[in-house]
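Some notes on the structure that comes next.
The values are calculated or read from the model by the stated rules, or taken from the named source; none is laboratory data. Remember, predicted model here, so these are calculated numbers, not experimental data. In this analysis, Cβ positions are derived from the backbone assuming ideal geometry, glycine residues included, and neighbour counts consider all displayed protein chains. Side chains included, ligands, DNA and RNA excluded: accessible areas come from the protein's heavy atoms. Shrake-Rupley method; radii C 1.70, N 1.55, O 1.52, S 1.80 Å.
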Amino acid sequence: MTTLTLAKALNAGLRRALADDDKVVLMGEDIGTLGGVFRVTDGLKAEFGAKRVVDTPLSEAGIVGTAVGLAYRGFRPVIEIQFDGFIYPGFDQIVAQVAKLHYRSRGNVRMPITIRVPFGGGIGAAEHHSESPEAYFAHTAGLRVVACSNPADAYMMVRQAIASDDPVLFFEPKRRYHVKGEVDETASLADARPMGVATTVTAGTDVTLVTYGALVQTARDVATAAAEDGVSVEVIDLRSIAPVDYATIEASVRRTGRLVITHEAGQQGGVGAELAASITERCFEFLEAAPVRVTGHDIPYPPAKLERHHLPDLDRILDGVDRVMGRPNSLSGVEA
């Protein structure tokens with residue numbers, strides 16, 4: 001086992017994928033010589049050359065379109081969208097081409113494209129640098145949407161995404177890039193937990209708390225704090241946003257009878273809405289209370305000095321736990 005930051009684990013996963021398959025090509029703005037804004041691709045151009053780690057022009061539509069052409073020719077492109085808010089110029093290519101070409105060609109064309117997206121807030125960044133656009137893509141048939149939360153998953157899931165014949169939106173929680181964890185760099189893809197399977201990171205009996213990305217660690221802190229108050233919270237790291245591993249969530253909710261969902265993106269039309277509706281349909285007779293969502297507010301992402309009021313934190317999620325438990329709390333009357 002090796003101790004790596006999440007960013008270094010991604011770097012190791014990309015290096016392994018490049019070494020294992022000559023058809024893997026990395027593309028993105030400043031990913032080569034600079035090694036990316038967050039240094040995730042640091043050193044890869046020097047090791048594998050400029051033809052496999054390609055610095056592109058500042059054109060997300062061009063980057064995605066080039067990846068489509070490379071996929072047609074049998075390559076496995078891995079493209080980096082430098083910041084979450086920069087993905088929108090490439091949105092048409094992703095939802096109208098990448099997501100549909102396999103279906104449109106009756107299975108004759110595959111799009112094994114991995115689109116890496118640093119996402120979420122918490123880093124004090126400027127406008128367009130702290131978005132959470134995952135729901136747009138989860139709504140689009142033909143795309144896999146995943147999010148890692150720790151170094152071990154980052155290392156293995158990016159390799160799995162690249163090896164997949166499906167296009168994958170790979171969301172990376174940028175405020176967790178420097179979090180360290182143990183990584184087994186000798187692990188094989190065959191022995192790894194499938195990319196589409198959720199993980200129960202904290203066992204509990206009273207409330208099921210589902211999240212992904214940066215908020216997984218916050219959810220674990222919630223479970224610790226709730227336990228001191230006599231409430232046992234089971235935390236599930238969703239990992240795959242599309243498709244969703246409903247079997248894991250259902251099994252938990254059937255035991256706990258209560259569900260809280262938290263994510264940084266806004267509440268309206270978010271991932272949490274789909275999860276709440278689906279679990280209500282599947283587990284209605286087991287629920288002791290209506291599912292609760294604790295999310296970012298339905299506003300444009302705020303300036304850096306105000307983002308702490310926008311992002312779900314320990315207190316707001318604990319408030320959600322109290323509400324689903326039917327307990328009084330200090331934030332009563334405040335929209336979660």
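Listed residues A161, A214; which is of a type outside the set (D, E) and under 21 Å from G320 (Cβ atoms)? If you could, list the steps in order and put the result at the bottom.
Values: A161 fails: under 21 Å from G320 (Cβ atoms).
Answer to the selection: A214.
Could you figure out which of (1) out of contact with any strand residue (DSSP E or B) (no Cβ under 8 Å at 6 or more places or on another chain); (2) open to solvent by less than 50 Å² (accessible area, probe 1.4 Å); (3) assigned by the TED database to the domain that holds V271 isn't true of R176?
With (1) out of contact with any strand residue (DSSP E or B) (no Cβ under 8 Å at 6 or more places or on another chain); (2) open to solvent by less than 50 Å² (accessible area, probe 1.4 Å); (3) assigned by the TED database to the domain that holds V271 applied to R176, the lone miss is (3).
Within the range 31-54, which residues are surrounded by 15 or more Cβ atoms within 10 Å (Cβ to Cβ), over 24 Å from D165 (Cα atoms) and touching a Ser or Thr at 6+ places or on another chain (Cβ under 9 Å)?
Selection gives G32, G35, K45.
Counting only residues that are over 20 Å from the mean Cα position of the chain (by Cα), give me the strands (runs of 3 or more DSSP E) lying completely in the range 58-153 with at least 2 of them.
Details: elements: 76-80, 114-119, 144-147.
Those strands (runs of 3 or more DSSP E) do not exist here; none qualify.
Could you look through the range 152-170, keep only residues that are surrounded by fewer than 24 Cβ atoms within 10 Å (Cβ to Cβ) and of a type in the set (D, E), and pick out the one that is nearest to K23 (Cα to Cα)?
Step by step, filter the range 152-170, then rank; the result is D165.
So is I279 over 17 Å from the mean Cα position of the chain (by Cα), open to solvent by less than 10 Å² (accessible area, probe 1.4 Å) and not polar (S, T, N, Q) or not?
Details: over 17 Å from the mean Cα position of the chain (by Cα): yes; open to solvent by less than 10 Å² (accessible area, probe 1.4 Å): yes; not polar (S, T, N, Q): yes.
Here the answer is yes, as I279 does meet what is asked.
Residues being open to solvent by 10 Å² or more (accessible area, probe 1.4 Å), without any contact (Cβ under 8 Å) to a residue 60 or more places away in the chain and of a type outside the set (V, I, T): count how many of those fall in the range 238-265.
7
Please specify each residue of the range 1-46 satisfying the condition of being of a type in the set (K, R) and under 18 Å from S149 (Cβ atoms). Explain how you work it out, then say what you get.
From the range 1-46, those of a type in the set (K, R) are 8, 15-16, 23, 39, 45; that's our starting set.
The answer is K8, and nothing else.
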